Amino acid sequence: MAKLSVGGQAVIEGVMMRGPKDVATAVRDPNGRIQVETHPVSSIADRYPILKKPMLRGTVSLVESLMLGLRSLSYSAKMAGDEDEQLTDKEMAGTIIFALVLASILFIAIPTGAAKFFHFITDDPVFLNLMEGFLRLAIFLAYIGGISRMKDIRRVFQYHGAEHKTIHCYEAGLPLTVANVQKFSRLHPRCGTNFLLIVMLVSIFVYAFLGWPSLIERIVSRILLLPVVAGISYELIRFAGRTTNPVALKLIKPGLWLQYLTTRPPQDDMVEVAIESLKAVLPAEEILPGSGSYLEGDAKADTSAEPPAADHVPALES
C-alpha cells in the first residue's frame, strides 16, 4: 500500500502533523498528558483547482501552512500551560504582518542595501546582485545558528527531530513505537529547512539579472518576485522528496546538513507526542499492529479538544 503524504512542524512541547484529510496538534500538558486537537483540512485550492498547478501551488500552500502553523503554536502554548499566550484572529494577523515585515527587512532590505559596498570591485549589476544573494544567505545561516543556541528553541528543535523520525518510521512501514521511531534519522529531505535554503539559493539566480536600479526599486522587485521564487523552490523540494536520482540526492545534501542545526535528538517522551499526532491524521488501516501509544508509562492521549476552523499545510516537514 502506498504511503500517504504527511508533513508537519514542531510546536511548543508538541508536534503538528498534517495528513490528506486532517491536521492534528499533539502537546504534552503540565500534568504529563498528551492533548491532541484534530480538525479537517480545507484549502482554497480545493475550491479553485487552478491553484494546484505548478508554480501556483507553492505560494498557496506556504501561506496556508503559515496560518495553520500559527494556530498550532497558539494551541500548543495554551495546552503547555501558557493560557495567556493563545492568539486571537486579530493577533494572529498582526503576528503574520510583523513577521513578514521583519523578514523583508532582514533578508531583503539589508542585503540589497549592503551590496552597494561591493561597488569598489565592479559596477556590474549581475555581480552586485550575486553579492546581495550571498549576503542574504550568510544572514540566514547566521540567524539559524544564533537561534539554535537558545535553550527554549533547542527544545522545539528536539520535537522537530521527533517529527522527522516519526514520519521516517511511518514511510518505512514499521509500527509506530518509540523504539522503532528512535532508530531513524532526524534529517528529512522534505524539511522546511531544506525549503528555506533552496529559496535562498533560487533567489540568488532569479534576482541576478534584474539590473541595479534604486534601493527602493530593488526592494520592491524582490518582494514582487517572491511568489516566483517560492514556486520554483516548492517544485524543487517536492522533487527532492521523491527522487532517487543520485545526483539530485547529492544536491540536497546542504539542506540535510543544515538540519543538524534545526533538529536535535529527541527524548522518548517527545517521540510519544509525535506518534500520537501522526496517528491522529492516519486512517485506521494505516496504523500497523503494534503501534501503541507509548513504549512505557501510564499517560494517555486526550483527543477531546474542540476543533477550530480548518486550515491546510503542504507536504513539507518544517
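The values are calculated or read from the model by the stated rules, or taken from the named source; none is laboratory data. As the structure is a prediction and not an experimental result, all values here were calculated from the model. When we count neighbours, we look across all protein chains shown, and the Cβ atoms used for this are built from the backbone with ideal geometry, even at glycine.
Return the only residue of F117, F140 being surrounded by fewer than 17 Cβ atoms within 10 Å (Cβ to Cβ) and either under 24 Å from G192 (Cβ atoms) or over 24 Å from the mean Cα position of the chain (by Cα) (or both).
F117
Counting just the residues of the stretch 208-224 that are under 19 Å from I139 (Cα atoms) and more than 24 Å from the chain's Cα centre (by Cα), which one comes out surrounded by the fewest Cβ atoms within 10 Å (Cβ to Cβ)?
Filtering first and then ranking leaves L215.
Which residue pairs have Cβ atoms closer than 8 Å, lie 6 or more positions apart in sequence or on different chains, and pair a first residue in the stretch 173-190 that is over 18 Å from L261 (Cα atoms) and part of a loop (DSSP other than H, G, I, E, B) with a second residue that is among the acidic types (D, E) and modelled with pLDDT of 95 or more?
So the pair list comes out as Q182/D268.
What tally of residues in the stretch 196-242 results from selecting those that are without any contact (Cβ under 8 Å) to a residue 24 or more places away in the chain and among the hydroxyl-bearing types (S, T, Y)?
Result for the stretch 196-242: 2.
Does T177 meet the test of being under 27 Å from P289 (Cβ atoms) and among the polar types (S, T, N, Q)?
In short, yes.
Since S43 meets every condition but one in (1) under 21 Å from S5 (Cα atoms); (2) surrounded by fewer than 12 Cβ atoms within 10 Å (Cβ to Cβ); (3) touching a residue at least 40 places away in the same chain (Cβ under 8 Å), which condition does it not meet?
(2)
Can you give me the number of residues within the stretch 46-63 that are among the hydroxyl-bearing types (S, T, Y) and in contact (Cβ under 8 Å) with a residue 12 or more places away in the chain?
Counting residues in the stretch 46-63 that are among the hydroxyl-bearing types (S, T, Y) and in contact (Cβ under 8 Å) with a residue 12 or more places away in the chain gives 2.
Determine if the stretch 176-187 includes at least one residue that is surrounded by 21 or more Cβ atoms within 10 Å (Cβ to Cβ), in contact with a Leu (Cβ under 9 Å, 6 or more places away or on another chain) and of a type in the set (S, T, Y).
no
Across the stretch 50-67, which residue is farthest from V15 (Cα to Cα) among those that are touching a His at 6+ places or on another chain (Cβ under 8 Å) and buried (at least 21 other Cβ atoms within 10 Å of the Cβ)?
S61
Which number in (1) closer than 30 Å to L130 by Cα; (2) in contact (Cβ under 8 Å) with a residue 24 or more places away in the chain; (3) surrounded by 22 or more Cβ atoms within 10 Å (Cβ to Cβ) marks the one condition that A109 misses?
For A109, the exception is condition (3).
Under 7 Å between Cβ atoms, at least 6 apart or on separate chains: pull out the pairs that start in the stretch 243-260 with a residue that is modelled with pLDDT under 85 and end on any residue that is among the small types (G, A, S) and assigned to a helix (DSSP H, G or I).
A248/A240; I252/A240
Being more than 10 Å from A280 (Cβ to Cβ) and under 14 Å from the mean Cα position of the chain (by Cα) is the filter here, so list the residues in the stretch 17-37 that pass it.
Matches in the stretch 17-37: R18 only.
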